[in-house]
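Please treat every number below as a calculation from the coordinates, not as lab data. The model shown is predicted, which means the values in this text are computed figures rather than measured ones. Please note: Cβ atoms are built from the backbone with ideal geometry, for glycine as well, and neighbour counts cover all protein chains shown.
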Amino acid sequence: MNLADNQIHVNLHYSARENQHRNFRLDVELELPGQGITAVFGESGSGKTTLLRCLAGLEKSAQGIVKMKTEIWQNEEAFLPTNLRHVGYVFQEPSLFPHLTIEKNIGFGLRRRGKTVDITAFNTIVELLDLRSLLDDYPHQLSGGERQRAAIARAILAEPQLLLMDEPLAALDINRKKEFLPYLEAIHERLQIPVIYVTHSMEEVARLADYLIIMEGGKAVAAGALADVLADVNLPPVFGEETGVVIEGNVSERDTDWHLIRANIDGGQLWVKDTGEALGEKIRIRILARDVSLALKNYSDTSIINRLKTTVVHMQVDSDAAMVIVTLSCGGDKLISRISKRSADLLRINVGKEVWAQIKGVAILR
């Protein structure tokens, strides 16, 4: 198969007057992977939801091209309507029918198209999203997270070619979000449907995304593999205090006395909080730039349990005039450290210098 035949090609131009004071314009050209989760990140008003609506065919005045793998959804001669694009759309608020049980809500999309619900597929999705005990309930009897899981199940059961999710966790409180994220991770691991996931949460991006798009002012200012975009030193103003990287590792050891697990990464090992992963399991580790300090030696008389030998590969002045951003090579991975200019000067940090990156175990986000 030609590589282009497994991608989503988007070249869209759309403008609208949102109110009497502001005109909005979307202008994007993207080649998106036809598998995995693509996160669309940006501030409110950056064009994230408009991009999804254009992909779904809900904005008919949008001009340009949308090609879903080998199928043309939109070009200068044709415009495929929403019902023929086979997209699943999950909104911020779950749009369930209050008069139908959860079981009937989940199967509604297929029945509306005159199709019979595949019992095997139905059972697989119900188990994946842990909805078995809720099938006879009505939406008003469920929590916000349970209703959203039912909405996602309905979208998936309709066998979409593309699943669009517009900040599906935005209406949930922090505890419900933590409960919900494993279900999205399970969808990521078990299903082959490509997902475009809009969010303004870096935690969701770090946990879920394979590919990342950064939106600003209706434009995609960055797009690429998650690790590459997060390590781009030109983007910290976008991420602010959440500037950092995501590294993949494999669980190699469990310390039951201290409730820690050791993860082997390309450039060494990291001790992180034990959250129940099995030995050999692959995990994602998120390390913020503000939590990485630098030292010239591997000091052992310190409370910091994670120390990695690295090489400085780039330095850049931060948006804060007192700070500098240091990019570090650690095996095949990259780390980012945000330190004061004073510290960088005292340690004589410069490109090519070998330094030890120090990371507190409690500072690592999972």
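Taking other C-beta atoms within 10 angstrom as a stand-in for reagent exposure, 336, 125, 106, 72 fall in the order 72, 125, 336, 106, fewest first. Between residue 321 and residue 13, the simple label model (points 7 Å from Cα in the Cβ direction) yields a spacing of 4.1 nm.
Counting only Cβ charges, +1 for Lys and Arg and -1 for Asp and Glu, the dipole size of the chain around its Cα centre is about 280 debye. Compared with the direct C-alpha span, the chain from residue 200 to residue 130 gains 22.6 nm at full extension, assuming 0.36 nm per residue. Mind checking which of 325, 155, 80 is farthest towards the positive end of the chain's charge dipole, using Cβ charges of +1 (Lys, Arg) and -1 (Asp, Glu) about the Cα centre? Positive-most Cα among the choices belongs to 325. The slack in the chain from residue 140 to residue 274, taken as 0.36 nm per residue of separation less the alpha-carbon distance, amounts to 44.6 nm. At q = 0.12, 0.16, 0.22, 0.24 Å⁻¹, what log₁₀ I(q)/I(0) does the stretch 206-299 have when each alpha carbon counts as one equal point scatterer in the Debye sum? Normalising to I(0) and taking log10 leaves -0.49, -0.79, -1.15, -1.24.
Within straight-line reach of residue 360, meaning a Cα separation under 15 Å, sit the following aspartates and glutamates at least 8 residues removed in sequence or on another chain: 274, 291, 301. The GNM of the chain, with springs linking C-alpha atoms under 10 angstrom apart, assigns the highest mean-square fluctuation among 195, 317, 90 to 317.
If R0 is taken as 30 Å, the Cβ-Cβ distance between residue 93 and residue 118 corresponds to a FRET efficiency of 0.60. Can you pull the Rg over Rh of the chain, Cα-only, Kirkwood? A ratio of 1.01. Look at the dipole of the chain built from charges on Cβ: of 15, 125, 47, the Cα furthest out on the positive end belongs to 15. Going from the fewest other Cβ atoms within 10 Å to the most, the residues 271, 73, 258 appear in the order 258, 271, 73. Selection among 258, 90, 222 by position relative to the dipole of the chain gives 222 as farthest towards the positive end (Cβ unit charges, Cα centre). Rounded to the nearest 20, the size of the Cβ-charge dipole of the stretch 47-142 about its Cα centre is 280 debye, with Lys and Arg at +1 and Asp and Glu at -1.
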